[in-house]
Each structure stands twice: as structure tokens, then as C-alpha cells.
Amino acid sequence: MKSFTLKSAGLITFLCLSGLVCQSQVNTVGLILSDTSQCFNGYTLFAPMKSHTAYLIDINGNKVNSWTGAYLPGSLVMLCPDGNLLRTCEVLTGNHFYGGGGVAGRLEKYDWNNNLVWSFDYYGSEYSTHHDVEIMPNGNILLLAWEKKTMSEVVEAGRDTTNAFYNEIWSQEIVEIEPTGSSGGNIVWEWHVWDHLVQNFNATKANYSNDIKQPQLMNINFGPKITDWLHFNSVRFNPERNEIMVSSHGTSEVWIIDHSTTTAQAAGHSGGNRGMGGDILYRWGNPRAYGRGTVNNQKLFSQHDCRWIEPGSPGAGNILIFNNGLNRPAGPFSSVMEIVPPIATDSSYYRAPNTAFGPSSAVWTYVGNPLTSFYSMNISGATRLPNGNTLICYGINGDFFEVTTGGQKVWEYINPTNDDTVVMQGEDPINNMVFKMYRYAPDFSGFNGVDLTPSGPVELYPPVTGTLTYGNTANSPLPNTKIYLKTLAGVKKDSATTGPAGDFNLLKTAPGTYVFSHAITKQPGGFNATDALMIAKYFVGQVSLTGLNLKAADVNMSGYVNSADALDVLKRFTRIINSFALPDWLITADTITVGFNHLTHDIKALCAGDVNGSFIPLLKSQNNVDLSVEEGDPSLPSFAEIVPNPVSQQSHFICYPPSDADITFTIMNTLGEVIQILPQGIKPSGIFDYEFDGSTYRQGLYLVKFDIRTEENQYSIVRRMLITK
């Protein structure tokens with residue numbers, strides 16, 4: 001007698017292979033570092049500036065969702081509380097503002113399934129949105145916009161145009177819109193820099209003053225002598241204080257204004273909670289802009305991001321700024337700075353007479369080591385997380401990293417895109433810049449009711465290719481079959497559907513050790529008296545069974561192959577029982593180690609009980625053949641026919657495809673074993689007539705399976721065919 005303990009053998013193989021080395025090379029893109037004991041768990045949203053696609057990834061660098069639009073971002077994307085994606089769009093508007101950094105012109109919202117649900121255009125020959133937006137608690141949206149001023153308007157505002165190399169100025173406005181319907185919106189509030197200017201150049205103009213050291217106003221003659229004079233690049237709203245903060249790249253300052261005003265008050269110098277109308281309440285970064293300092297007092301250098309730290313996070317109410325460091329006297333390096341705004345007991349911003357606004361220094365700063373190792377001359381941003389860490393977008397390099405208060409990196413991810421293409425792991429991306437990004441907590445309201453199952457990394461990997469074949473001597477392919485790579489702990493990491501030749505191509509498998517799995521929906525078959533006999537012979541030592549064939553023999557899953565298994569095969573063959581304890585399909589549970597090199601690996605599948613591999617599975621909709629019931633769609637009784645039947649020599653297989661369809665006829669014996677497959681290819685709707693030659697077949701009863709596959713549906717029906725001589 002011979003016995004074989006399948007469970008023990010499988011366990012030994014598993015333990016031996018699980019100890020293989022998983023990775024031998026350092027990642028260049030995607031997840032670089034993840035210390036889950038210290039980083040803040042959540043989902044990170046980013047939109048590469050040169051890609052039409054925005055990505056949401058989990059803390060492990062795996063894609064959770066993505067959205068693709070018709071336009072490049074211009075420049076921001078963010079999630080709304082209802083889960084919709086709000087994106088700014090770079091609409092090319094001729095010569096209106098073409099070439100302006102961060103040009104947009106359009107806002108769009110997409111639902112979780114990438115359906116466009118709302119759009120709003122705000123651009124024309126005289127105005128256009130750009131850079132940043134902010135979602136307010138009431139659902140309204142704040143947006144930044146340029147507004148053109150002609151040279152005559154510029155002169156009237158008292159600007160010194162001596163040696164000017166421009167013929168217009170792009171000033172700034174902030175617009176609050178109330179979205180309506182599926183497109184459009186109402187402008188419910190607006191504010192314009194042009195209403196809050198001062199100058200001492202031309203005494204004939206209305207905004208002239210001998211005293212230009214007025215921090216509540218903007219000196220029109222300070223800043224770069226270029227068209228895009230102020231270049232706002234960030235806008236934020238503080239609902240607790242009902243205030244708006246902007247970043248003025250051109251003057252290297254952050255400004256805060258009052259939002260409690262009406263639009264009319266915002267155009268003047270009185271009204272609102274602070275009594276100052278639309279004048280500047282607070283500004284910080286470069287007191288030279290209002291005559292209260294020198295170059296030695298300048299703190300910001302062409303910054304690109306400013307935001308209040310949100311309630312619930314350490315430092316709530318403080319201001320976090322990404323200081324790019326362009327033209328910094330100490331040299332080119334970037335820093336992230338946290339400052340405490342000087343708020344007085346009456347909630348105003350305190351400033352001693354004849355001095356600049358404080359503070360004199362930051363309470364927390366992050367810099368690179370060495371300093372020049374962290375430098376982004378433009379874009380970028382930073383966010384304080386609820387655990388006290390700070391998430392930084394190193395924009396020019398497409399590098400996102402999270403640091404502790406002590407400056408230790410605990411998470412890092414590099415955007416793996418070049419323009420609209422995704423790069424291969426091991427390559428260095430060239431054009432992967434990102435304007436800003438966000439991290440959303442797992443309990444974010446927008447995630448309610450959506451599927452957050454990760455689908456693998458965004459970046460590509462050298463492929464794992466191979467074939468899935470049936471375990472017979474002919475290696476018959478298994479097409480249209482889902483296969484998976486799972487970790488040794490059973491977590492799915494990658495998947496593919498096999499092609500016509502059973503071929504597969506896995507492109508998102510990160511280095512590691514994995515086990516193949518499957519989701520074969522094809523019905524089993526091929527178990528018969530021959531298999532029962534072989535199982536009985538193996539039990540008494542007369543034949544040898546190995547691999548899948550041996551595993552397929554233990555149909556009662558006792559851990560041994562014996563006469564009970566042979567009996568169960570006979571019972572199922574004669575329809576006394578309808579299933580085995582063993583799952584219907586077996587696949588070689590190969591454990592493979594994936595690295596950074598192309599890997600070819602072939603796998604096999606076998607039906608339980610079919611130890612001699614006689615069964616050849618058909619298409620995905622293969623049905624069990626039951627001699628007492630014709631299977632298929634019962635609502636289509638005239639779907640297919642055989643004329644004449646019985647068949648003496650020639651017959652016709654006639655079917656009625658409802659639309660263009662891929663048609664296949666399969667001829668089987670009464671045991672359901674395939675004798676011949678007759679693929680017909682794509683045929684038009686209507687009636688299809690195939691002339692069948694039965695002269696080469698033996699006399700007897702056969703089964704003909706009609707498979708009709710359209711783009712929408714797949715139909716199968718079985719007809720009996722009697723061949724006479």
C-alpha cells in the first residue's frame with residue numbers, strides 16, 4: 001500500500017521558498033520609505049503638473065483611485081467633503097494669459113468613478129484663474145485670478161513705467177463662487193488688489209501719499225518690474241476668523257485680509273469685523289514692501305505655499321509656509337517655516353508703531369542637510385498632520401516626504417510619472433513636478449461608501465510574464481482567466497487576465513516573494529472511470545502520480561489518496577454526487593521571487609479528480625453538460641438550431657446573433673468531452689448559417705454547444721445532434 005500526505009508536502013515547500021531574498025535594489029520612484037510606527041496613516045492625493053491624471057495612494061504607495069481629465073492641471077487638485085475631486089484645468093486661451101505660470105481658466109469636479117459632474121469657466125481676454133483654489137465650509141470656492149490692466153490704467157494708478165518692458169500689468173483678484181447645477185456658478189464675493197494701492201511717485205493721482213509706509217496698502221512701485229507683478233500662488237480660508245490668506249510671490253510676503261466684508265466694503269477701507277474693509281490686515285515675510293525694513297529683515301524668498309495649521313493638529317492657528325529660497329542672500333536652499341502670528345487680545349494683528357509685523361523668527365523650521373540638498377526654486381508646499389509630523393511636497397523633484405518635529409524622515413514617495421507616462425521602477429523620472437499635495441485621514445468624509453482597496457503601485461516594474469495552461473500533455477491554454485500574485489500572508493498585490501494563449505503580463509509587481517492564485521470561473525470536467533481506476537492503481541502502487549495530478553486525486557481532502565477518492569470520482573462521474581470536498585480547480589501554487597528584472601514563469605491548472613488530464617476547458621462561460629436539460633438562456637428558445645437533425649452527411653448550424661458577435665461551435669460527446677472546436681470569428685447581427693460536414697463522424701448522439709459573445713453579453717446553449725449513416 002502507498003499513501004501520500006499532501007498537506008505536509010505543501011507545508012514543507014512553502015516554508016523553504018518563503019525564505020528567499022525579496023529585493024536587491026533601491027527604489028528610484030514610488031514608495032521610498034514608510035515607517036508606519038511614526039508616519040500618519042492616510043491617503044495622499046497629487047496631480048503631476050504635466051499629466052492629465054491625478055492619483056490617490058495609500059501609505060504603502062499603492063494606487064487607491066485615479067482621475068483623468070481632458071486638461072492638464074492648472075495647478076491644483078483636492079478632494080471635496082462629498083468625495084468629489086476638484087481640479088483646476090489649464091485651458092489654453094490664446095494670447096490672453098498663455099505662458100503665465102500656473103494658468104488655469106476652468107474648474108471641474110469629478111465623482112469617484114471619474115465622471116465629470118460640474119464645471120465652471122472663469123477666463124477671458126481680461127481675466128483668468130490660476131494656481132490655487134480653496135473649498136469653503138459652505139461649499140463655495142475661493143479662486144485666484146489675474147485681471148489685466150492696460151498701460152493707461154497702470155499710469156493712472158501711479159506706477160513708474162520708466163524703462164518698462166511690458167505693455168500691461170496682471171493684477172490680482174480673489175473671487176468666491178457658489179457652484180450651481182452641472183456647470184456654472186454665482187459670484188457671491190470678490191476682492192481686488194487694485195482697490196488697495198498706494199504710491200508716492202505721481203502726486204496727481206488719487207492714491208498718492210507722502211507716507212507709503214502703510215502696511216494696509218500695497219505700494220504699486222514695489223516688486224518686480226514685470227507683467228505678472230504680484231503672482232499670487234496660494235489662497236487659504238480660516239473659518240474661525242473669517243479671513244483669507246494669500247501668498248504673494250512677487251513681494252515675498254503672505255497677506256491676510258478680512259472676508260467678513262461685503263463686496264462693496266472689500267473695495268474700500270472700512271467695514272467688516274476688523275473695520276478695515278478690504279485693506280491688508282497682516283503681512284509677513286518682507287517688511288521692505290511697506291518701508292519697515294531692509295534686506296536683512298527679509299524672511300521669505302519667492303515662497304509658494306502658506307496655510308493655517310488646522311484645529312486638531314499641533315500648532316493649530318499658526319501659519320506654515322514653504323519658503324522656496326529663490327535669490328536668498330545666504331544661498332539657494334528651501335525651508336519650511338512655522339510662525340505664530342501676533343494676535344492681540346482684541347483679535348487684531350498687533351504691530352508696534354513704526355515697526356514691522358512680527359514675529360522676528362519661526363518657531364519651527366525644516367531645512368535640508370546639507371542646506372542645498374533641499375531646494376525647489378518654485379512650486380511646492382507643506383501641511384501639518386494631526387500626529388505633529390509635517391508633510392512636505394518638494395515640488396520640483398516630485399518628492400513627497402513626512403518629517404517629525406526633529407526633522408527625521410518617516411515616509412517618502414517620489415512621483416513616478418514623466419508627463420503622461422508612468423516610468424519603470426529603477427528609472428529616474430525627468431518631468432515629474434507636482435504643485436502641491438494633500439494627505440486625507442482614513443475617516444475623511446469623502447471616503448464614506450467608496451472602495452479604498454489598493455490596486456498596486458502606480459509605477460511599472462519589469463514584467464512577470466508567462467502562460468496559464470491546462471495540466472495535460474498538450475498544455476492547452478486557459479484563456480480569459482483571472483490570476484493573482486499574493487503575498488505569503490495572502491494579500492493581493494497584482495492581477496491579470498490571461499489572453500487567448502493563456503498568456504499573462506503583470507506590470508505592477510514590486511520586488512518581493514509571492515504566490516500565484518486564481519479565479520477560474522470555467523466549469524470543471526474530465527473526471528471519469530479512467531481517473532477512478534488510476535487513483536485506485538496509485539493507491540496500490542501500480543502507477544505514479546505527481547504534482548497537480550497527485551493533488552487532484554485527493555478529492556475528499558483527507559490528506560491521503562486512497563480507494564475512497566476513487567469511489568468519489570465514480571460517484572461524481574455517474575452523478576450520484578455533484579461536487580468534491582476539494583475545490584473544483586487546482587493551480588500550481590508556485591512561490592516566486594520578483595526583482596527588478598524581467599521574469600518568465602509558466603503555471604498550470606487542473607480539474608479536481610481529472611488525474612489523467614483529459615479535460616480541455618472551453619471559454620469562460622463553459623457550462624456543465626446535462627443530458628436531460630438544454631442549457632443556455634431560457635428566454636431565447638430559438639437562439640440556435642441544427643437543420644436537418646438527425647444528420648446523415650451535411651447539416652446546418654444556424655444561430656441568430658442580436659448584434660455583432662464572436663461565434664464558436666463546440667462538438668462534444670455525451671460525456672461532455674470536447675471532440676472539435678469550430679471558431680467562426682466575428683459575425684454581424686441577423687442570421688448566421690454554418691454548413692457542417694458530419695461524414696467523418698461515427699454514428700451516434702453528440703452535443704453541440706453554441707457560444708455567442710457580444711460586447712454586452714455572452715450566451716451559450718447546448719443542442720443534441722444525432723448522426724446517422
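The values are calculated or read from the model by the stated rules, or taken from the named source; none is laboratory data. Keep in mind the model is a prediction, meaning the values are calculated, not measured. For neighbour counting, all protein chains shown are included, and Cβ atoms are generated from backbone atoms with ideal geometry for every residue, glycine included. Just so you know, the surface numbers come from the protein's heavy atoms only, side chains and all, with ligands and any DNA or RNA stripped out. Shrake-Rupley method; radii C 1.70, N 1.55, O 1.52, S 1.80 Å.
Rundown of residues vs (1) part of a strand (DSSP E or B); (2) within 22 Å of LEU671 (Cβ to Cβ); (3) touching a Lys or Arg at 6+ places or on another chain (Cβ under 7 Å), yes/no style:
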position: PHE516; (1), (2), (3): yes, no, no
position: THR521; (1), (2), (3): no, yes, yes
position: ALA536; (1), (2), (3): no, yes, no
position: GLY541; (1), (2), (3): no, no, yes
position: LEU550; (1), (2), (3): no, no, no
position: SER558; (1), (2), (3): no, no, no
Discussion item. Please determine whether any residue of the range 171-191 is of a type outside the set (D, E, K, R), open to solvent by 20 Å² or more (accessible area, probe 1.4 Å) and under 27 Å from GLY293 (Cα atoms).
Written reply: no
Item to complete: Please specify each residue of the range 375-426 satisfying the condition of being open to solvent by 30 Å² or more (accessible area, probe 1.4 Å), hydroxyl-bearing (Ser, Thr, Tyr) and either over 22 Å from GLY325 (Cβ atoms) or at pLDDT below 95 (or both).
Response: THR421
Worksheet entry | Hey, ALA352 part of a loop (DSSP other than H, G, I, E, B), surrounded by fewer than 20 Cβ atoms within 10 Å (Cβ to Cβ), of a type in the set (Gly, Ala, Ser) and free of Cβ contacts under 8 Å to residues at least 12 places away in the same chain or not | yes
Discussion item. Here are the criteria: (1) under 29 Å from the mean Cα position of the chain (by Cα); (2) modelled with pLDDT under 90; (3) within 29 Å of THR664 (Cα to Cα); (4) assigned to a loop (DSSP other than H, G, I, E, B). Tell me which single one GLY525 does not satisfy.
Written reply: (1)
Worksheet entry | Of residues in the range 495-534 being of a type in the set (D, E, K, R) and touching a strand residue (DSSP E or B) at 6+ places or on another chain (Cβ under 7 Å), the one surrounded by the most Cβ atoms within 10 Å (Cβ to Cβ) | LYS508
Response to the item:
When every residue in the range 596-631 that is open to solvent by 40 Å² or more (accessible area, probe 1.4 Å) and of a type in the set (Val, Ile, Thr) is compared, the one modelled with the lowest pLDDT is VAL629
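The rows are residues; the columns are (1) under 27 Å from THR88 (Cβ atoms); (2) surrounded by 13 or more Cβ atoms within 10 Å (Cβ to Cβ).
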site	(1), (2)
TRP118	yes, yes
ASP121	yes, yes
SER125	yes, no
GLU134	yes, yes
LEU142	yes, yes
THR150	yes, no
VAL155	no, yes
THR161	no, yes
PHE201	no, yes
Worksheet item: With respect to THR666, is the statement that it is surrounded by 15 or more Cβ atoms within 10 Å (Cβ to Cβ) and free of Cβ contacts under 8 Å to residues at least 60 places away in the same chain true?
Response: yes
Worksheet item: Among the residues of the range 221-229, is any assigned to a strand (DSSP E or B) and either surrounded by fewer than 17 Cβ atoms within 10 Å (Cβ to Cβ) or among the polar types (S, T, N, Q) (or both)?
Response: no
Item to complete: Give the range 252-284 a look and list any residue that's open to solvent by 30 Å² or more (accessible area, probe 1.4 Å), under 28 Å from ASP228 (Cβ atoms) and touching a residue at least 40 places away in the same chain (Cβ under 8 Å), or say none.
Response: THR263, ALA267, HIS269, MET276
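Among the residues of the range 193-249, write down those that are among the β-branched types (Val, Ile, Thr) and under 20 Å from ILE321 (Cα atoms).
The answer is VAL235, ILE244, VAL246.
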